[in-house]
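Worksheet: one structure, shown below.
The values are calculated or read from the model by the stated rules, or taken from the named source; none is laboratory data. Predicted, not measured: the structure shown is a model, and the values here were computed from it. Here Cβ is always computed from backbone atoms with ideal geometry, including for glycine, and neighbour counts include all displayed protein chains.
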Amino acid sequence: MKNRLSSKIAITIAALLLSASIARADQIVSFGQLGTTNTFLATNNGDGTTTLDVTLGGVSITNIVTGATDPNAVFEFDATSVDAASLLAGTIITQSFEGTFSLHNQANTIQYLYGDFGAALMLGGNGGTGSLFTSNTAGLAPLNLFTDLPVTLGDPMSFSLSLSNVSPALGISGGTINSFTASYTGTADAELQVPVPEPATLTMLGAGLLGLAGAARRRLSRK
């Protein structure tokens with residue numbers, strides 16, 4: 001009986017250690033622009049590069065990992081192309097960008113999400129009116145995400161903007177993506193690191209379990 005109880009205690013402690021260190025993938029935030037005006041701006045600089053930014057970046061946050069929402073947040077975004085635009089299979093335009101972004105409340109006292117990225121891709125049909133801007137450490141490193149929310153972010157991370165109503169249609173001019181405006185929505189994901197209990201906490205937990213096991217053995221011996 002003693003050996004069986006000791007084994008159960010060891011298994012319990014091991015399970016607690018494993019569960020304490022598990023990281024799970026979660027959506028940090030999703031958001032969409034306020035209003036229907038095209039506020040995402042791509043500018044062909046005429047020198048083989050394109051810059052991307054957001055004007056009047058008011059957004060409504062519909063999901064934050066903590067369960068909070070913000071119907072009147074602010075999104076700031078700035079990026080510049082770092083290579084030439086390419087046309088794949090005659091239908092998909094790709095180009096790499098580097099830049100920064102910030103998603104915060106109106107007073108700029110809480111940063112829901114901010115970070116920097118490199119080698120993100122702008123994807124879209126040749127002449128299409130929709131596109132996707134995405135950055136992900138799995139295939140398009142680097143991407144760094146940070147937050148003021150009470151969580152710790154870890155890999156894998158991803159950040160993406162879905163563009164709609166691209167006008168004029170997406171295309172290549174002078175070796176880079178042409179100027180256009182668009183509407184957008186965005187999402188970001190990352191693994192949330194679950195804190196591992198301190199050794200002292202685990203020691204106390206183990207001692208408590210051993211005490212319970214001892215009490216159980218004494219009750220059994222009386223019987």
Restricting attention to segment 25-42, and to residues there that are buried (at least 16 other Cβ atoms within 10 Å of the Cβ) and β-branched (Val, Ile, Thr), which single residue is nearest to residue 96 (Cα to Cα)? 39
Members of segment 132-164 found to be more than 21 Å from residue 111 (Cα to Cα) and either touching a Gly at 6+ places or on another chain (Cβ under 8 Å) or of a type in the set (A, V, I, L, M, F, W, C) (or both), listed by number: 132, 133, 138, 140, 141, 162, 163, 164
Quick check: anything in segment 49-61 in a loop (DSSP other than H, G, I, E, B), surrounded by 14 or more Cβ atoms within 10 Å (Cβ to Cβ) and hydroxyl-bearing (Ser, Thr, Tyr)? yes
Residues in segment 94-117 that are surrounded by 15 or more Cβ atoms within 10 Å (Cβ to Cβ) and either at pLDDT 95 or above or within 18 Å of the chain's Cα centre (by Cα) (or both) total 16
